[in-house]
Amino acid sequence: MKCTLLRIVLACRRCSSAGDGGRFMAEIAGLGKGSTGTGRRAAVAAKHEEEGTDDEWLMYLKPAKLEVFHHLEPWAEANVVPLLKPAEVAWQPTDLLPDLASLGADGFHAACSDITARAAGLPDAHLVCLVGNMVTEEALPTYQSIPNRFEGVRDLTGSSGTAWARWIRGWSAEENRHGDVLNRYLFLSGRVDMRQVERTIHNLINSGMVMNAARSPYHGFIYVAFQERATSISHGNTARRAKEHGDMALARICGAIAADEKRHELAYTRIVGKLFKIDPDGAVRALAYMMRLRIVMPASLVTDGRDDDLFAHYAAVAQQAGIYTASDYRSVLEHLIKQWGVEELVAGELSDEGRRARDYVCALPRKIRRLEEKAHQRRKAKPTTLTPFSWIFDKPVNITMA
């Protein structure tokens, strides 16, 4: 689900001002210099404190809004739950990596040696991106808790038979394989300091994640729809880079994960698309809210215990390696605007706030494109710096912070 290479922690309304444009562009791509660990946690605490007083999203917890999801349950049963794959037919990590039981000792040793040899050809920058994606995927306990905060759809018993609850559990079960298979690959590769990677996973799960309007299903489903498409792009780009460097095992792994994320994206996009049909005013206002101030990607709190700006450094590597870029972020937004028919929303169906929200969202990709161009020019003018990553035994990677 989790593409960590991007965060929006500044208000989009600020992006039109000359003084803040560059900083906004850096942060939406995850390229700007991050805050220190202490400052980041203070910001999180402040956001959580303000969450309970934000009437703009709290209105989505009123019974009339939540009743929508009760009425949509038969629709979800027919249109969302079938997108899950049963365990009997879904790929499993053992299908994509050497299995001692089936290969025997000699065959297993040869297959593992082949993985190690091919992984040796991956550039350090691509390896950093792969570790970052794996760490994010491994924080699944946090992500399963997210939709279980959404009022009106959460799994109240832990084994509820509602369509919404079964989707949450099934989606989590499919996501669980992603971190597993990437973790095993990296272990076999011999290229990474697994203890440092494991500490990073531990820290990330312990830190949690920032998600605003976390109890609103409108805002929550918009968040996850965006997230799933971004993650599919990131894993798909990683698969292509792995193939270019001759690592077909990694290409198959990342390709399989990207395909899962595409299915999951389809589910969440369908849900939000249905909300746009039933309640266009509420849906477009929720979308504008999320895009204006509130999207923070899951691993924004990531730390290895050494680098307080690890997320920003990791995101800068991803931008330069072409794994996930500011242009990808913009393309996700453009896709969702088109998918949900935001530009075609009829003014007569919208309140004044809804019309302003529609206009804001539709203008946002053009603003981001302009800021992309400015950030690109700044990066060209700045020297690269060598930044060590503990994940790869403190080897340095050249990055440019926009």
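The values are calculated or read from the model by the stated rules, or taken from the named source; none is laboratory data. None of the values given here were measured: they were computed from a predicted structure. Every residue, glycine as well, gets a Cβ built from its backbone with ideal geometry; the counts of neighbours run over all protein chains shown. Note: areas computed on protein heavy atoms with side chains; ligands, DNA, RNA excluded. Shrake-Rupley method; radii C 1.70, N 1.55, O 1.52, S 1.80 Å.
Considering the alpha-carbon set of the stretch 67-187 alone, what are its Rg and its Dmax in angstrom?
Both quantities, over Cα of the stretch 67-187: 18.9, 60 Å.
Pop the C-beta distance of Ala363 and Ser160 into the FRET formula with R0 = 45 Å and round what comes out to the nearest 0.05. It would help to have the intermediate numbers written out before the result.
Details: r = 41 Å, r/R0 = 0.91.
The calculated FRET efficiency here is 0.65.
Quote the FRET efficiency, to the nearest 0.05, computed for Glu244 versus Ser331 with a Förster distance R0 of 25 Å and r equal to the Cβ-Cβ distance. Please list the in-between numbers first.
Working: r = 21 Å, r/R0 = 0.84.
Plugging the Cβ-Cβ distance into 1/(1 + (r/R0)^6) gives 0.75.
What figure in square angstrom, to the nearest 10, would you give for the accessible area of Glu56 with a 1.4 Å probe?
The value for Glu56 is about 80 Å².
Please give the direction-averaged projected area of the C-alpha convex hull for the stretch 123-180, in square nanometres with one decimal.
Working: hull surface 17.4 nm².
Quarter of the Cα hull surface area: 4.4 nm².
Leaving ligands, DNA and RNA out of it, rank Ser102, Ser232 by accessible area with a 1.4 Å probe, largest first. Can you show the working numbers first?
Details: Ser102 85, Ser232 15 Å².
From most accessible down to least: Ser102, Ser232.
Name the shape class, rounded, prolate or oblate, that the alpha-carbon gyration tensor gives for the stretch 285-402, where a ≥ b ≥ c are the square roots of its eigenvalues, rounded holds for a/c under 1.5, and otherwise prolate holds if a/b is larger than b/c and oblate otherwise. Numbers along the way, then the final one.
Details: a/c = 3.28, a/b = 2.19, b/c = 1.50.
Prolate, because a/c is 1.5 or more and a/b exceeds b/c.
Compute the accessible area per residue over the stretch 129-258, keeping the other protein chains in place, probe 1.4 Å, unit Å². Write out the running numbers ahead of the final one.
Numbers: 4050 Å² over 130 residues.
I get 31 Å² per residue for this part.
So for each of 354-362, 368-376, 235-243 I average, over its residues, the number of other beta carbons within 10 Å; can you give me the resulting order with the highest mean first?
Details: 354-362: 19.4, 368-376: 17.2, 235-243: 21.4.
Going from most to least packed, we get 235-243, 354-362, 368-376.
Using the heavy atoms of the protein chains alone and a 1.4 angstrom probe, what is the accessible area of the stretch 318-388 per residue in square angstrom?
Details: 3780 Å² over 71 residues.
That works out to 53 Å² per residue.
Please identify which residues in the stretch 175-208 have an amide N closer than 14 Å to a label point set 7 Å out from the Cα of Thr116, following the Cα→Cβ vector.
186-192
Using a 1.4 Å probe and counting only protein heavy atoms, arrange Leu100, Leu83, Leu336, Leu386 so the residue with the most accessible area comes first. List each step's numbers first, then the result.
Details: Leu100 95, Leu83 30, Leu336 5, Leu386 115 Å².
Sorted by accessible area, descending: Leu386, Leu100, Leu83, Leu336.
Tell me, what % of the accessible area of the stretch 87-246 is carbon and sulfur with a 1.4 angstrom probe?
Details: 3060 of 6050 Å².
Percent of accessible area from carbon and sulfur atoms in the stretch 87-246: 51.
Carbon and sulfur: what percent of the stretch 280-335's accessible surface (1.4 Å probe)? Can you show the working numbers first?
On the way: 460 of 1110 Å².
Whole-percent figure for carbon plus sulfur exposure: 41.
Out of every Cα-Cα pair in the stretch 346-389, what percent are more than 12 Å apart?
On the way: 681 of 946 pairs.
Percentage above 12 Å: 72.
Please work out how much accessible surface Lys367 shows to a 1.4 Å probe, ignoring ligands, DNA and RNA, in Å² rounded to 10.
Its accessible surface works out to 50 Å², give or take rounding.
For the stretch 90-159, what is the largest minus smallest coordinate of the Cα atoms on each principal axis, given in angstrom and ordered from greatest to least?
The principal-axis extents, from largest down, are 52, 33, 15 Å.
Expressed as a rounded percentage, what relative contact order does the chain have, with Cα pairs under 8 Å and six or more residues apart? Write down the numbers at each step before the final one.
Values: 582 pairs, mean separation 114.4, N = 402.
Relative contact order here is 28 percent.
By per-residue mean of other Cβ atoms within 10 Å, what is the highest-first order of 124-131, 157-164, 205-212?
124-131, 205-212, 157-164
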